[in-house]
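The values are calculated or read from the model by the stated rules, or taken from the named source; none is laboratory data. The structure displayed is predicted, hence computed values, not measured ones. Because the Cβ atoms are built from the backbone with ideal geometry, glycine has one as well, and the counts that use them run over all protein chains shown.
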Amino acid sequence: MRVLIIENDTELGKTLSNTLQEVAYQCDIAENISDAKYYLDIRNYDLVLLDWKKNASTKLSLIAEIKKDAYKTSVIVLSHDTSKESEIEALKAGADDFIRKPLDFDILLIRIEAKLRFGASNIIEIEDLIINPEEEKIIYQGEEIELKGKPFEVLTHLAMHKDQIVSKEQLLDAIWEEPELVTPNVIEVAINQIRQKMDKPLDISTIETVRRRGYRFCFPKKIT
């Protein structure tokens, strides 16, 4: 599970990240909205932990953006604000939960686990194609397709950003834990695996190459 922590308190952000990593969550930390938007553009998150202050209109807009572009991502607001009005405002904006600071980390972990366990499914369904990221499974017209590892992750990332052009650099940053240690050629290899193991046998096209820019998920699109 991948978590984005948006927290301008540097020490608290690090503490949150360390606490979550101890229980096997992958974490990124953003100290401002600009950094948060950068991470949200290049990676898929199961959960966003969002620091909240009173009258935080930019945070309201960010919640709306997250829910519009990645509606299956859960958003939990963390706030020192004790007013009922702020909690109502955050929840109306699309937040899934509102937790007050100072944080009880044991309670926070339980609330996170509950939210991810009972939250919206990450399954992608487009016509006859079903992609299940949690089980690393693809089903097309009722038949399971054998595609695993990085090719599966590349396909899933592109499907989650359907109709958007995603560059090789964005794919590397989103999928490989140490992208600086691999070359962009690994993306070409993954795309070729998708086309050989899935597109050609099924007579479909899932990935479109956009010259000099990257790749775009284009299913449904019959090969002509």
In the range 71-81, is there at least one residue being at pLDDT below 85 and of a type in the set (D, E, K, R)?
yes
For the range 13-38, name all the residues that are hydroxyl-bearing (S, T, Y) and out of contact with any helix residue (DSSP H, G or I) (no Cβ under 9 Å at 6 or more places or on another chain).
S17, S34, Y38
Could you run through the range 143-169 and say how many residues are surrounded by fewer than 16 Cβ atoms within 10 Å (Cβ to Cβ) and aliphatic (A, V, I, L, M)?
1
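Table: residues versus (1) buried (at least 17 other Cβ atoms within 10 Å of the Cβ); (2) closer than 16 Å to I145 by Cα.
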site	(1), (2)
L171	yes, no
W176	no, no
E180	no, no
T183	no, no
V186	yes, no
V189	no, no
Q196	no, yes
P201	no, yes
P220	no, no
Please list, ordered by residue number, the helices (runs of 4 or more DSSP H) wholly in the range 1-119 having 2 or more residues that are surrounded by fewer than 21 Cβ atoms within 10 Å (Cβ to Cβ), on the phi < 0 side of the Ramachandran plot and of a type in the set (S, T, N, Q).
10-21, 57-69
Of all residues in the range 16-56 being more than 20 Å from K68 (Cβ to Cβ) and free of Cβ contacts under 8 Å to residues at least 12 places away in the same chain, which is nearest to the chain's Cα centre (by Cα)?
Q21
Is it the case, given these coordinates, that I126 is under 27 Å from R216 (Cβ atoms), at pLDDT below 90 and out of contact with any Lys or Arg (no Cβ under 6 Å at 6 or more places or on another chain)?
yes
Within the set of pairs 6+ apart or on separate chains, which have a first residue in the range 195-224 that is on the phi < 0 side of the Ramachandran plot and hydrophobic (A, V, I, L, M, F, W, C), a second that is part of a strand (DSSP E or B) and modelled with pLDDT under 90, and C-beta atoms under 7 Å apart?
I204/K222; F219/I126
From the list L62, L16, which one is within 23 Å of K84 (Cα to Cα) and among the aliphatic types (A, V, I, L, M)?
L62
Here's a check for you: in the range 82-111, which residue that is within 29 Å of P133 (Cα to Cα) and β-branched (V, I, T) is modelled with the highest pLDDT?
I99
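Which of the residues spanning the range 169-224 are part of a strand (DSSP E or B) and either of a type in the set (K, R) or within 19 Å of E127 (Cβ to Cβ) (or both)?
Listed by number, the residues that qualify are I204, I207, E208, R216, F217, K222.
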Of all residues in the range 170-188, count the ones that are under 20 Å from A159 (Cα atoms) and over 18 Å from the mean Cα position of the chain (by Cα).
4
For a quick check of your reading of the model, give me the residue pairs whose first member lies in the range 74-93 and is assigned by TED's automatic domain parsing to the domain that holds L40, whose second is among the hydrophobic types (A, V, I, L, M, F, W, C) and in a loop (DSSP other than H, G, I, E, B), with beta-carbon atoms closer than 8 Å and at least 6 apart or on different chains.
S74/A120; V75/A95; I76/A95; V77/A95; L78/L103
Which of (1) farther than 23 Å from D163 by Cα; (2) at pLDDT 90 or above; (3) in contact with a strand residue (DSSP E or B) (Cβ under 6 Å, 6 or more places away or on another chain) is the odd one out, the single condition Y39 does not satisfy?
(1)
